[in-house]
Every structure is written in structure tokens, then in C-alpha cells.
Amino acid sequence: MGEKIVITSGKGGVGKSTIAANLAAAFARLGKNSILVDMDMGLRSLDVFLGLENKVVFDLSDLADGICREKQALVKWDVSPRVRLVAAAQLRGSETVDEDRLTRVLDSLKEDCDYLLIDCPAGVGRGFRNATASADTAILVATPDGVCLRDAERMAGLLKSRDIPRLLLAVNRVSPRHLKPDWPASPGVFAEKLGLETIALIPEDACVERCTQCGVPAAWQKGSRAGRAIMDAARRLNGESVPQISLNREFPVLRLLRRLGLR
Ligand SMILES: Nc1ncnc2c1ncn2[C@@H]1O[C@H](COP(=O)(O)OP(=O)(O)OP(=O)(O)O)[C@@H](O)[C@H]1O
Ligand SMILES: [Mg+2]
């Protein structure tokens, strides 16, 4: 039986789908099987993140309605069979799907993988309730800005009321200026105000967008700082103890001196 991890946020566009796709790729690198479920009904995106947009025939609503079998709704990622996707319906909203059937479908998918990764729609509507039902872990994604902090505080309160055993925070698109002590919505302020353990501090990284364009998440490739941060988060979720990387920019010569113990 796999672990059901829901990736959620208050504010939209903060990187939920990016993190979901990258976690699946990172788990694959660790030898773990994931099923990604896109629950952003009407606004699906994970198929694009994995370059699978031309391979989706059936979606989550079809599966919940019994129109197709599980095998038909699961689309394998070309790069690694350890990553499979169930796409969201593009022409139907979450209100058209029967909640009990959806829960049964998700429970059954959970039996078939190590990690069931649910990409939740932004906000607190029915899509959020469906996605968070019976989750083992929720990752609240936020970017370091004041609006996001306010929305994340509301969302953390809602998540706490949903009896989810493990609540975690991922702060995305972090730049060195966000780490300065005078930045009002720094990752440290988030962790303190929300009272959540931080599973990932993910730097702003142009690689992320480039990787999305080619359907291969940054965590699958070497050389991306954001990819590495998400790889480390996957290791933590998998039970390893991995220290956070420093997000402060450091000149190469200073880094060398530090490594040699001269600084
Ligand atoms: N660490 C990062 N560095 C640079 N760009 C990023 C990073 N994370 C995400 N992005 C970019 O931010 C944009 C929004 O990301 P994404 O679609 O994952 O957000 P979302 O929370 O799923 O949005 P929505 O609420 O609409 O579903 C994308 O263009 C993505 O490439
Ligand atoms: Mg999304």
C-alpha cells in the first residue's frame, strides 16, 4: 500500500504541479513507483509537464464513472515506467464527479504504487476536499511573498482540521533576497507562522521552465538547483535524513575555501 501525498496551496501558480511532477521523477530515481493524479479538473497540466499530452485517452472522471479500467486511465511516462499519470478531465469540473466513487478509485490506485501523488487545485473548494480526503501527507506549497503567506495560513488551518497525519511545507521560488532577515515573508517566517515542518526550500531556477517545455522534470536531470532540492525532499519523504542545501549564492572561490576549511 502506497502513501497518499497531496500537494496543495492557497494561492494559485506557486508550483504545485511542478513539484508533483518533479517528486514523481525523483522517486523514480530512488527506485520507487509513483502514480500522479491530476485533480485540477478543467485545468489539467501534469500531462504537459511529462510530455504526455498526446497520450491521454481516458481521465480520472472516466475512471470514477466506470467508463474505463484502471489500466486504461494510467499513462506511463516515456522516460521511466516508474512514473504513471491519471489525467484530470479537461471538459468537466470537480462537481460532476461522485465523491464516493472518486475515493474508491484513489484507494485502489494507492494499492498499486509506493507514492500516490495528488496534484490539488488551488483554493478551498470541492476539488480541495476531494483531493485531501484520506491523505496520509499534505505538502503545502507557498512562495515567499506576503499574499501567499496570508493564504497559506488559512490553508494550514484547513489542512489541520482535515485530520491528515503529516503536514509539511515547501517554499518554492526562493531567491537570496528572500533569505535576508528583513524580508517579511522569508521561509523561516512561513515555518514559524504556519507551525509546519519544512520539507523543501526550492530555489528560483530557470531550468524548471526549460525542463517543463521538454516534458522531463528538472529532478530527473543533473545540474538544476531546484531539481536537486526536490530530489532531497523526495529522499526525506522516503525516510532519509538529508540536510537542507544553502540557498545563499556563494562565489566559487569562496565555496572552495569553505570546503577546504579555510573560511
Ligand atoms: N522553482 C522554480 N523556479 C522557476 N520557475 C518555477 C519554479 N517552480 C515553478 N516555476 C514555474 O512557475 C509556473 C507555475 O508553476 P505550476 O504550474 O507548477 O504552479 P501551480 O501551483 O500548479 O499552478 P495552478 O495553481 O495554476 O495549478 C510554471 O511556469 C513553472 O515553470
Ligand atoms: Mg497546477
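Below is a table of values for the structure above.
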{"read-out": "Derived scalar couplings ³J(HN,Hα) [the range 117-124; Karplus, 6.51 cos²θ - 1.76 cosθ + 1.60; whole Hz; x for Gly, Pro]", "value": "9, 9, 8, 8, x, 5, x, 10"}
{"read-out": "Amide H partners (placed H, <5 Å) of Cys113, local residues excluded", "value": "Gly2"}
{"read-out": "For the range 1-121, share of DSSP beta bridges that run antiparallel, in % to the nearest 5", "value": "10 percent"}
{"read-out": "For the chain, calculated [θ]222 nm from helices alone, where every DSSP H run of n ≥ 4 adds -39500 (n - 2.57)", "value": "-10500 deg cm²/dmol"}
{"read-out": "Share of carbon and sulfur in the accessible heavy-atom surface of the range 3-259 [1.4 Å probe, %]", "value": "49 percent"}
{"read-out": "Cα gyration tensor shape for the range 166-242, rounded if a/c is under 1.5, else prolate or oblate", "value": "oblate"}
{"read-out": "Packing-based ranking, highest mean first, of 39-47, 16-24 given that Cβ atoms within 10 Å are counted", "value": "16-24, 39-47"}
{"read-out": "Interchain or long-range residues, amide H under 5 Å from Leu36's placed H", "value": "Arg84, Leu85, Val86, Leu117"}
{"read-out": "Dipole of the range 82-147 [Lys/Arg +1, Asp/Glu -1 at C-beta], most positive-end residue of Leu116, Thr137, Ala88", "value": "Ala88"}
{"read-out": "Spin-label zone in the range 1-44 - amide nitrogen under 18 Å from a point set 7 Å from the Cα of Arg177 along the C-beta vector", "value": "none"}
{"read-out": "Local electrostatic count at Asn238 - Lys and Arg +1, Asp and Glu -1, tallied over other residues with Cβ under 12 Å", "value": "0"}
{"read-out": "Rounded to 10°, Cα long-axis angle of helix 16-29 versus longest principal axis of the chain", "value": "90 degrees"}
{"read-out": "Antiparallel DSSP beta bridges within the range 3-259, as percent of all bridges there, nearest 5", "value": "5 percent"}
{"read-out": "Solvent-accessible area per residue for the chain (1.4 angstrom probe, square angstrom)", "value": "47 Å²"}
{"read-out": "FRET E, pair Lys222, Ala191, Förster distance 30 Å, beta-carbon r, rounded to 0.05", "value": "0.55"}
{"read-out": "Cα-based helix-to-principal-axis angle, 225-237 vs the chain, degrees rounded to 10", "value": "70 degrees"}
{"read-out": "Extreme residue, positive dipole direction of the chain, given options Ser224, Leu102, Thr212 (C-beta unit charges)", "value": "Ser224"}
{"read-out": "Cβ-placed point charges (K, R +1; D, E -1), dipole of the chain about Cα centre in debye, nearest 20", "value": "1100 debye"}
{"read-out": "Antiparallel DSSP beta bridges within the range 75-174, as percent of all bridges there, nearest 5", "value": "25 percent"}
{"read-out": "Cα-based Rg / Dmax (Å) for the range 3-259", "value": "17.8, 62"}
{"read-out": "Nonlocal amide H pairs with Thr198, under 5 Å, H built at 1.01 Å", "value": "Leu169"}
{"read-out": "Burial ranking of peptide ranges 25-37, 145-157, 190-202 (average Cβ count within 10 Å, highest at the top)", "value": "25-37, 190-202, 145-157"}
{"read-out": "The range 65-141 and the range 171-216: distance between their alpha carbon centers, rounded to Å", "value": "26 Å"}
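The values are calculated or read from the model by the stated rules, or taken from the named source; none is laboratory data. Nothing here was measured: the structure is a model prediction, and the numbers come from that model. Cβ sites come from the backbone with ideal geometry, for glycine too, and all protein chains shown count toward neighbours. In case anyone asks, the SASA skips ligands and DNA or RNA and just uses the protein heavy atoms, side chains included. Shrake-Rupley method; radii C 1.70, N 1.55, O 1.52, S 1.80 Å.
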